[in-house]
Amino acid sequence: MNVIDTKNAPGAIGPYSQAYEVNGVIYTSGQIPVNPADGSIAVGIEDQARQSCENVKAILEAAGSSMEKVFKTTCFLADMGDFGKFNSVYAEYFVSKPARSCVAVKDLPKGVLCEIEAVAVK
């Protein structure tokens, strides 16, 4: 097992890692739309979805993988009414159309609108 850690994605805000690689498979923690450069959070679902995707991308690249190698995602939305806009941005990044679960939740850390976790091969 190898811990994946990069400064190009937000650091963990609790007792967990950004990702792990186990037997050539990368498991990311959920990525919320925090800009790793300054800690800011974008406004609106589309910009937040974009930043969450960029954070996943940075972790995968640090692990020697890529967005094209993702085969499963789990997405969390604060409001299912954002589903269409979220999907538009998501489709730009996850072009291989991985298997996915997408659910609405009551709250997300820091009051954000979305969170994405991914599983990819190396």
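Calculated accessible area for the chain comes out at 51 Å² per residue, all protein chains present (probe 1.4 Å; ligands, DNA, RNA ignored). Each residue of the stretch 11-21 was assigned a 3J(HN,Hα) from its phi angle through the Karplus curve 6.51 cos²θ - 1.76 cosθ + 1.60 (θ = phi - 60°); the sequence is x, 4, 9, x, x, 8, 9, 4, 6, 10, 10 Hz, with glycine and proline shown as x.
Give Lys97/Lys122; Lys69/Lys106; Lys85/Lys110; Lys7/Lys122 a once-over and call out the pairs whose C-alpha atoms are over 27 Å from each other. Cα-Cα > 27 Å for Lys69/Lys106; rest within. Under 20 Å from a label point set 7 Å out along the Cα-to-Cβ vector of Ala99, the amide N atoms of the stretch 1-26 belong to 20-26. Per-atom-type breakdown for the stretch 1-68 gives carbon and sulfur 47% of the accessible area (1.4 Å probe, protein chains only). Gain on full extension, evaluated as 0.36 nm per residue between Ser17 and Val43 minus their Cα-Cα distance, stands at 6.8 nm. Each residue, Lys122 and Lys110, gets one label point 7 Å from its Cα in the Cβ direction; the gap between the two is 2.9 nm.
The values are calculated or read from the model by the stated rules, or taken from the named source; none is laboratory data. Computed from a predicted model, the values in this text were never measured in an experiment. Don't worry about glycine lacking a Cβ; one is built from the backbone with ideal geometry, like all the others, and counts go over all protein chains shown. Just so you know, the surface numbers come from the protein's heavy atoms only, side chains and all, with ligands and any DNA or RNA stripped out. Shrake-Rupley method; radii C 1.70, N 1.55, O 1.52, S 1.80 Å.
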